[in-house]
1. Report yes if residue 237 is buried (at least 20 other Cβ atoms within 10 Å of the Cβ) and modelled with pLDDT under 90, otherwise no.
2. Within the stretch 202-224, track down each residue that is surrounded by fewer than 24 Cβ atoms within 10 Å (Cβ to Cβ), farther than 19 Å from residue 125 by Cβ and in contact (Cβ under 8 Å) with a residue 24 or more places away in the chain.
3. How many residues does the stretch 147-160 contain that are under 13 Å from residue 185 (Cβ atoms), modelled with pLDDT of 90 or more and assigned to a helix (DSSP H, G or I)?
4. Counting only residues that are part of a helix (DSSP H, G or I), more than 17 Å from residue 175 (Cα to Cα) and within 22 Å of the chain's Cα centre (by Cα), how many does the stretch 187-244 have?
5. So, of the residues in the stretch 240-269 that are within 23 Å of residue 203 (Cβ to Cβ) and surrounded by fewer than 18 Cβ atoms within 10 Å (Cβ to Cβ), which turns out to be modelled with the lowest pLDDT?
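The values are calculated or read from the model by the stated rules, or taken from the named source; none is laboratory data. Bear in mind the structure is a predicted one, so any value in this text is a computation, not a measurement. Glycine gets a Cβ as well: all are built from the backbone with ideal geometry, and neighbour counts include every protein chain shown.
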């Protein structure tokens, strides 16, 4: 192993290729975890767990026997507690790993079913003159938005979207959130954009712009006044999309390449 040493840090700590790879993997894992829990209650729980671990280390260092003993008893159930508390985040992490571009070399992910259902649902809603807000999650966490609504965890379908946004439905107000292949929540509250170029925009379009400015989510807006379909992402808004254009844009925005590449800003074709 001495032949693989690249240099010695501080003059005595050996650093080789394996060490650099180890540090890179750990950094990537921590970064992805922080990205997944951003905006969720899990972030606050992590702070609490970090403080608990800090107290445990301090108790041992200060030889506080009673406190150290108490914390040692808690450690035996800490793993189970972590799994229970972070179950949604762990599930999302596994989904993100499964959607990794590296794994896509071995199999091809198929987001087309969800896209087709969303497009068909948006077109049906526009034809009937029903307003709608459909938020599709990508990389950034939408935990606070999801928690503001009614949990559903149902399979995405055009019929379900049409039913939810029917005016007589108790869930038709505000937005639905889609993660992966599931419609996770309805009647979710979105942040409103404070500054918009077109002052004629209604509440739905301002809400869609608001969530696109704060997250990387893709939002479809169906206007009940004009019966048109719009899409927002990265603070940009494109209006008047037909079914073909909407499907094309969603396919581009929800592809693994775009998910890794960041938050594109929409450009209006007009």
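1. On the way: buried (at least 20 other Cβ atoms within 10 Å of the Cβ): yes; modelled with pLDDT under 90: yes.
Yes; evaluated as a whole, the condition is true for this residue.
2. Scanning the stretch 202-224 gives a single hit, 216.
3. 1
4. Step one: list which residues in the stretch 187-244 are part of a helix (DSSP H, G or I), which gives 203-214, 243-244.
Still in the running and more than 17 Å from residue 175 (Cα to Cα): 243-244.
Checking the rest, the ones that are also within 22 Å of the chain's Cα centre (by Cα) come to none.
Result for the stretch 187-244: 0.
5. 265
Each row is one residue, and each column tells you yes or no for (1) in a helix (DSSP H, G or I); (2) modelled with pLDDT of 75 or more; (3) surrounded by 11 or more Cβ atoms within 10 Å (Cβ to Cβ).
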position: 84; (1), (2), (3): yes, no, no
position: 88; (1), (2), (3): yes, no, yes
position: 107; (1), (2), (3): no, no, no
position: 124; (1), (2), (3): yes, yes, yes
position: 134; (1), (2), (3): no, yes, yes
position: 139; (1), (2), (3): no, yes, yes
